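*Asks:* A single structure is presented below for examination.
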Amino acid sequence: MNLAELSALHDESLAAVRAAADTAALEQVRIRYLGRNGLIPATMKQLKEVAPAERPEFGRRANAWRQAFGQELTVRTEALAAPAASGGGTFDCTLPGRWPRAGAQHPLSRVIDEVTRIFGRLGFTVADGPDIETRFNNFTALNTATHHPSMDAADTFWFDDDRLLRTQTSPVQIRAMLAQPPPVRIITPGRCYRRDTTDATHSANFHQIEGLYVDTRPVSLADLKATLATFAREMMGPGVGVRFRPHFFPFTEPSVEVDFTCHLCRGQGCRVCKQSGWIEIAGAGMVDPRVYRHVGYDPEGVYGFAFGMGIERIAMIRYGIADIRHLYENDLRFLAQFA
C-alpha cells in the first residue's frame with residue numbers, strides 16, 4: 001500500500017462514519033475499520049513492507065488516520081444518541097407548550113366552602129375547636145347520659161387521660177357558649193372520629209358541619225325551619241322541598257330529622273332515595289335547657305336552635321358518589337372529574 005491508497009482509505013472511512021444512519025450501522029463501520037481484522041490494524045501491520053524512504057511518512061499518516069477516525073466516531077455516536085435522550089426527533093419550537101394540569105379543589109372542600117358561604121349570608125360565623133376533646137365538652141355538656149352507648153370504647157376513640165377524639169363538632173358549640181354570652185350564631189365544620197367499620201357509606205374519620213343560634217330574644221322552631229329551608233334552596237336548587245320528622249337527640253328538645261326532596265328524582269322516587277322521594281340530610285332541634293345550665297346560661301332567658309349534617313353525605317348526594325371511600329383514596333382518575 002502506498003501513500004495515495006492510504007489517503008483514499010482515510011477519506012473513505014470518515015465519510016462512512018458520517019453516513020451511518022443509526023447506531024447499528026455505525027457499529028458496522030467501526031468493526032470494518034477498527035475491529036481485530038479491520039483496515040486500520042491491517043494497515044499498521046503493513047508498515048514494515050513500505051519502502052524505507054516512505055516508511056516515516058506512512059507511519060505518521062496511519063497514526064493520524066486512526067486518531068481522526070476515532071474522533072469522528074465519537075462525534076457521530078453522540079449525534080445519534082442525542083435525539084433518543086430528548087425523546088426523539090427534532091424539537092419543533094412552533095408547537096404549543098405542554099402545560100401541567102392545574103390542581104382542583106377536593107369535593108369535600110367544595111361542599112364545606114359552599115355551605116360556609118350560604119350560612120355566612122345568613123349571619124353565621126365559622127368557629128373551630130380541637131380534634132382532641134374532653135368528656136365534658138363532647139358528652140356531659142351535651143346532656144348525654146352516662147350509660148349512652150356512644151361513650152363505650154367500642155364506639156369512641158378514648159385516651160388514657162379521659163380525653164377522646166371528638167365524635168361530633170358539637171363540642172365547639174359548648175366552647176363557644178362557655179367563652180361568650182349570647183347572642184351566639186356559629187357554624188362548626190370539622191373532622192370527627194368514631195369506631196365505625198369502613199364500608200361504602202361509613203368511615204372512622206369523617207366531616208360534620210353543625211350550626212348553633214342562641215339569643216336573648218325569642219328564637220323558635222319556625223326560625224330553624226326557615227334557616228334550613230333557605231339552606232336547602234341555596235344548596236340543592238329552588239325547587240327542593242324540606243320535611244321535618246320528630247326524633248330524639250340528647251341535646252335538643254324538641255328534636256327533628258330534616259329531609260330534602262331527592263335532587264335526582266325531584267320527589268318522584270328513585271334508587272338513590274329508596275323510592276321515598278326524600279333524602280335525610282340533617283338532625284336539628286331547639287337547644288335543651290340542660291345544655292344551657294352546663295355552660296352557665298340562664299335557661300329562662302335564652303332561646304336557640306342547633307343542627308348538624310354530614311359533609312360526606314352532602315357531597316355523595318350532590319356529585320352522585322356511590323362509595324364514601326372514593327373521597328379518601330386520592331385516586332386521580334376519580335378526582336379528575338372535579339377539575
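*Asks:* Suppose every Lys and Arg Cβ carries +1 and every Asp and Glu Cβ carries -1, with no other charges. What dipole size does the stretch 110-338 come out with about its Cα centre, to the nearest 20 debye?
*Replies:* Details: 25 positive and 27 negative charges, 151 e Å.
Once rounded to the nearest 20, the dipole reads 720 debye.
*Asks:* Whats the longest run of the chain with zero chymotrypsin sites (Phe, Trp or Tyr not before Pro) that are DSSP loop and have at most 12 other Cβ atoms within 10 Å?
*Replies:* Values: sites that count: Phe91, Phe159.
That gives 160-339 as the longest site-free run.
*Asks:* In addition: Largest first, please: the extent of the C-alpha atoms of the stretch 110-338 along each principal axis, to the nearest Å.
*Replies:* Reported extents, whole Å, longest axis first: 49, 42, 28.
*Asks:* Please report the base-10 log of the normalised intensity I(q)/I(0) for the stretch 233-339, using a Debye sum with one equal scatterer per alpha carbon and no solvent, at each q in 0.16, 0.18, 0.19 (1/Å).
*Replies:* These q points yield log10 I(q)/I(0) values of -0.83, -0.93, -0.98.
*Asks:* If I fit a long axis through the Cα atoms of helix 3-19 and take the longest principal axis of the Cα atoms of the chain, what angle between them do I get, 0 to 90°, rounded to 10?
*Replies:* The angle comes out near 20 degrees.
*Asks:* A follow-up question, please. Kirkwood Rh, the stretch 179-305, all Cα pairs: how many Å? Display every interim value, and only then the final one.
*Replies:* On the way: mean 1/r = 0.0612 Å⁻¹.
Computed over Cα pairs of the stretch 179-305, the Kirkwood hydrodynamic radius comes out at 16.3 Å.
*Asks:* Can you list which of the trypsin sites (Lys or Arg not before Pro) found in the stretch 1-76 are DSSP loop residues with at most 11 other C-beta atoms within 10 Å? Walk me through the intermediate numbers first.
*Replies:* Details: sites: Arg18, Arg30, Arg32, Arg36, Lys45, Lys48, Arg60, Arg61, Arg66, Arg76; in loops: Arg36.
Answer in residue order: Arg36.
*Asks:* Hey, another quick one. What is the spread of the Cα atoms of the stretch 199-247 along each of their three principal axes, largest first, in whole Å?
*Replies:* 44, 29, 22
*Asks:* Have a look at the stretch 3-85 and give its Rg and Dmax from the Cα atoms, expressed in angstrom.
*Replies:* Reported Rg and Dmax, both Å: 14.1, 50.
*Asks:* GluC sites (Glu not before Pro), restricted to the stretch 243-311: which are DSSP loop and have at most 14 other Cβ atoms within 10 Å?
*Replies:* On the way: sites: Glu257, Glu280, Glu300; in loops: Glu300.
Taking the stretch 243-311 and a limit of 14 other Cβ atoms within 10 Å, the loop GluC sites (Glu not before Pro) found are Glu300.
*Asks:* Now for a separate question. Using every Cα-Cα pair within the stretch 35-166, state what percent have a distance larger than 27 Å. Show your work: numbers first, answer last.
*Replies:* Numbers: 5928 of 8646 pairs.
Counting every Cα pair in the stretch 35-166, those more than 27 Å apart make up 69 percent.
*Asks:* Once the dipole of the stretch 174-283 is set up with Lys and Arg at +1 and Asp and Glu at -1 on Cβ about the Cα centre, which of Pro238, Cys192, Ala179 lies farthest towards its positive end?
*Replies:* Pro238
*Asks:* Quick one: divide the alpha-carbon radius of gyration of the stretch 161-214 by 2.2 N^0.38 Å and tell me what you get. Provide the component values of the computation, followed by the final result.
*Replies:* Working: Rg = 13.5 Å, N = 54, 2.2 N^0.38 = 10.0 Å.
In units of the globular-protein estimate, the stretch 161-214 measures up at 1.34.
Taken together, the values in this text are just the output of simple stated rules run on the coordinates, not laboratory data. What you see is a predicted model; the values in this text were computed from it and never measured. Methodologically, a virtual Cβ is constructed for each residue, glycine included, from the backbone with ideal geometry; neighbour enumeration extends over all protein chains shown.
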